[in-house]
2 protein chains.
Amino acid sequence: MNRAYTVIGNGSFATALTKVLCDSNHEVTWWMRSEVAKNYLVTHQHNPHYLSQVRFDNPRLTYTNDICAAIKQGDVILFAVPSAFITQILALIPQDLLAGKKILSSIKGIVPQDNLLLNEYLHREYSINDDHYCCITGPCHAEEVAAEKLSYLTFSSSNQSLAQDIAEDFANSYLRTLVSQDVYGVQYAAILKNIYALGAGIAHGLDYGDNFLSVYNTNCFNELENFMTAVADHNQQLNTPHHYNSGPYLGDLLVTAYSLHSRNRRFGNMIGKGYSVPAAKLELNMVAEGYYASKCIHEINSIVKAPTPILDELYNILWENKSANIAFQNISSLLH
Amino acid sequence: MNRAYTVIGNGSFATALTKVLCDSNHEVTWWMRSEVAKNYLVTHQHNPHYLSQVRFDNPRLTYTNDICAAIKQGDVILFAVPSAFITQILALIPQDLLAGKKILSSIKGIVPQDNLLLNEYLHREYSINDDHYCCITGPCHAEEVAAEKLSYLTFSSSNQSLAQDIAEDFANSYLRTLVSQDVYGVQYAAILKNIYALGAGIAHGLDYGDNFLSVYNTNCFNELENFMTAVADHNQQLNTPHHYNSGPYLGDLLVTAYSLHSRNRRFGNMIGKGYSVPAAKLELNMVAEGYYASKCIHEINSIVKAPTPILDELYNILWENKSANIAFQNISSLLH
């Protein structure tokens, strides 16, 4: 079957994934909120704000800023927007339009207020079952996909044939695609890694070096495993196969923690240098996913109760005004 | 007890560890082969070739190029030389001088020809038992120790009280010390990480990007666990406690694989760029530990038989003249 895709969002990852779908000659409807942005793409065939070197001249690609028309066109609806905006965007879509659609998510965050993963939120609000849901996780800098550097994406769903089908649609010469059943675990790993990367930025800002960072990242991976295990227990997913020494867990942590360009790391670096959280927000004119995720995960962990001393101290710095210096002294005494 | 230390070697890690011992006010005898190097240190109080900003003005530090005198002075003899030179240096020491001494090693390689770890070699050649042997492993760039950036070292011995004593001697405000019983495992991990870092350099030279590298490193860690497990089985060390998500295993791999400055990575990068192995050796005027280690580990693995497809392909590139391009195509198809 030649599935038609609808892409929701025009940030860097949305742009990269649209390129991939075009390269494998799928029918793609690309929705973006802004009419100006849409018209620019129609005229110039590239996204001026993200990955602007990627040329979109595929005749099977259409642009729209009518979200209902976009949803109707697609068999698979790919949500590729920051988690902070997802509820606003979903609110634009009449419930019955999503019935029967396959949902694909590349969102690396938690639905705000509700502390839910997107599949949990869609189930509660739209009665969409997990067997219609698949998520995409990295490790993946969108810039390297744009440059066609070999990358790996994992497609996770409780419905393995759905995951397999979509994975095949995305696979090409520069993109290897893997499948997983651990739909909760990979999404939590993608969220946690942003918090840990923000912490790596704080450590860098505090003038810790590469020796420390390697031990910090190692212990973050350890803690991530603890959290995954506690979540799987809590969701009674004990039989979900997972192998944490693989791309969507350790790999995603590494590509983010060692990236000097990530927002999370830059935000953290400012905190480590002594900026207050409000000052860092103002200065950077953006908010890192890891900042909000820290609060959501803290609240979720009050239920699942994983031992996460690093996350706890990062939460204390970001939300309880604790001195980053003292918090990292505490963290450093725990590492091994 | 205030232990007297003898340091053998004057490379960067020897220099860093001598600084640490001086900072905690131990009696240290520092041996180096070259009389010129010794006289320079006596006169100028710093090592001109490595970590030259570190000043040695401790009255309890003495320099010598008489190895017998050096060994006699120390309760603990720290060998901190490249593995390629260890047998030549040991040959300078009469066997009876080492009797009763505690041996400390920071050597990150295998004794050439014999494919033995230093403790195995010392046992066979000098009847030194493992309970007199302790090894130091990172993750640790010597430059960051010199700069007093917080770092972690692990001291491993089958004799836990020896490991504990020596670990306490090295601990200070910028150096956290941990102990381990896994004396074989930590040494193999320190060796393997050089090979994998050399491979990361090859991948970089072949123009693979950060997305690939994160998945490559993740799978290297996975393979390292396989090798450790097979070695522990083979040595019937099944009850040795180990926790691979910690500094001397994953941490050491990360600090090396992500270091742009390591010899192994530079050597690999040239191979990836198309240099032959002999041309890369000539151009760099040095040989990376990972190059020889690749051969030793290949031979050891013909006995312990761990599944190590990445190591196998790196061996093929370095020793069997296989195309790096083809070998990495094979590696990339195996990663997950």
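If I take the Cα coordinates of the stretch A:236-315 and project them onto the principal axes, what are the three extents in Å, biggest first?
Principal-axis extents of the Cα atoms in the stretch A:236-315, largest first: 46, 28, 19 Å.
Can you list the equivalent-ellipsoid semi-axes of chain A, largest first and in whole Å, using the square root of 5 times each Cα gyration tensor eigenvalue?
33, 22, 19
When the helices in the protein assembly as shown are scored as -39500 (n - 2.57) per DSSP H run of 4 or longer and the sum is shared across all residues, what 222 nm value do you end up with, to the nearest 500 deg cm²/dmol?
Helices in the protein assembly as shown give a 222 nm mean residue ellipticity of -15500 deg cm²/dmol.
To the nearest whole number, what is the average tally of beta carbon atoms from other chains within 10 Å of the beta carbons of peptide A:138-150?
Mean shielding count: 4.
With both bridge residues required to lie in the stretch B:63-213, what share of the DSSP beta bridges run antiparallel, to the nearest 5%?
Percent antiparallel among DSSP bridges in the stretch B:63-213 is about 30.
Based on a Kirkwood Rh over C-alpha pairs, give the Stokes-Einstein translational diffusion coefficient of the stretch A:40-105 at 20 °C and viscosity 1.002 mPa s in µm²/s.
D = 157 µm²/s.
What is the helix-to-structure angle for A:324-334, meaning the angle in degrees between its Cα long axis and the longest Cα principal axis of chain A, kept from 0 to 90 and rounded to the nearest 10?
Its long axis makes an angle of about 80 degrees.
Roughly how many nanometres apart are two label points built 7 Å out from the Cα toward the Cβ at A:Asn330 and B:Asp66?
Modelled inter-label distance: 5.6 nm.
Identify which of A:Ala70, A:Ala279, A:Ala80 has the largest mean-square fluctuation in a Gaussian network model of chain A, with springs joining Cα atoms closer than 10 Å.
Comparing A:Ala70, A:Ala279, A:Ala80 in the GNM, the peak value goes to A:Ala279.
Tally the DSSP beta bridges in the protein assembly as shown and give the antiparallel ones as a percent, rounded to 5.
Bridges in the protein assembly as shown are about 15 percent antiparallel.
Quick check: with the 1.4 Å probe, what order do B:Met32, B:Met286 take by accessible area, largest first?
B:Met286, B:Met32
Report the local net charge at A:Gly199: Lys and Arg +1, Asp and Glu -1, summed over other residues whose C-beta lies under 12 Å from its C-beta.
Summing Lys and Arg as +1 and Asp and Glu as -1 gives -1.
So for the pair A:Ala171, B:Ser302, with labels modelled 7 Å out along Cα→Cβ, what separation do we get in nm?
Placing both labels 7 Å along Cα→Cβ, they lie 3.6 nm apart.
Probe 1.4 Å, all protein chains in place: accessible area of A:Glu168 in Å², nearest 10?
120
Could you work out which residue, out of B:Tyr196, B:Tyr258, B:Tyr133, moves most in a Gaussian network model of chain B, that is, has the largest mean-square fluctuation with Cα springs under 10 Å?
Its mean-square fluctuation being the largest, the pick is B:Tyr258.
With a 1.4 Å probe and all protein chains kept in place, how do A:Leu41, B:Leu206 rank by accessible area, largest first?
Details: A:Leu41 0, B:Leu206 45 Å².
Ranked from most to least accessible, the order is B:Leu206, A:Leu41.
Inverting the mean 1/r over all pairs of different Cα atoms, compute the Kirkwood radius of the stretch A:91-237 and quote it in Å. Provide the component values of the computation, followed by the final result.
On the way: mean 1/r = 0.0588 Å⁻¹.
Over the stretch A:91-237, the inverse of the mean reciprocal pair distance is 17.0 Å.
Compute the label zone of A:Asn2 within the stretch A:52-66: residues whose backbone N is under 16 Å from the point 7 Å along Cα-to-Cβ.
Inside the label zone: A:58-62.
Mind checking which of B:Asp114, B:Asp165, B:Asp66 has the largest fluctuation in a GNM of chain B, springs on alpha carbons under 10 Å?
Highest fluctuation of the listed residues: B:Asp114.
Between B:Asp96 and B:Asp57, take the C-beta separation as r, use R0 = 30 Å, and let me know the FRET efficiency to the nearest 0.05.
Numbers: r = 35 Å, r/R0 = 1.15.
Calculated transfer efficiency: 0.30.
Rounded, prolate or oblate: which fits the protein assembly as shown, taking a ≥ b ≥ c as square roots of the Cα gyration tensor eigenvalues, rounded meaning a/c under 1.5, else prolate when a/b beats b/c?
prolate
I'd like the accessible area for A:Ser180: 1.4 Å probe, protein heavy atoms, all chains in place, Å² to the nearest 10.
Roughly 20 Å² of A:Ser180 is accessible to a 1.4 Å probe.
Tabulate in residue order the Karplus-calculated ³J(HN,Hα) for the stretch B:215-225, using 6.51 cos²θ - 1.76 cosθ + 1.60 with θ = phi - 60°, rounded to whole Hz; enter x for Gly and Pro.
In residue order, the calculated couplings are 6, 4, 4, 4, 6, 4, 4, 4, 5, 4, 4 Hz.
Restricting to bridges with both residues inside chain A, how much of the DSSP beta-bridge set is antiparallel, in percent to the nearest 5?
On the way: 5 of 31 bridges.
For chain A, the DSSP antiparallel bridge percentage is about 15.
What is the percent of Cα-Cα separations in the stretch A:186-336 that go past 20 Å?
The proportion of pairs with Cα distances above 20 Å equals 43 percent.
Would you pull out the residues with amide H under 5 Å of A:Ala4's amide H, same chain only if 5 or more places away, H placed 1.01 Å from N?
Excluding prolines and chain starts, which carry no amide H, the hits are A:Asp75, A:Val76.
Once fully extended, how much extra length lies between A:Asp114 and A:Lys281, figured as 0.36 nm per residue of separation less the alpha-carbon to alpha-carbon distance?
57.8 nm
The values are calculated or read from the model by the stated rules, or taken from the named source; none is laboratory data. None of these values were measured; they are calculated from a predicted model. Cβ sites come from the backbone with ideal geometry, for glycine too, and all protein chains shown count toward neighbours. These accessible areas exclude ligands, DNA and RNA; they are computed on the full protein's heavy atoms, side chains included. Shrake-Rupley method; radii C 1.70, N 1.55, O 1.52, S 1.80 Å.
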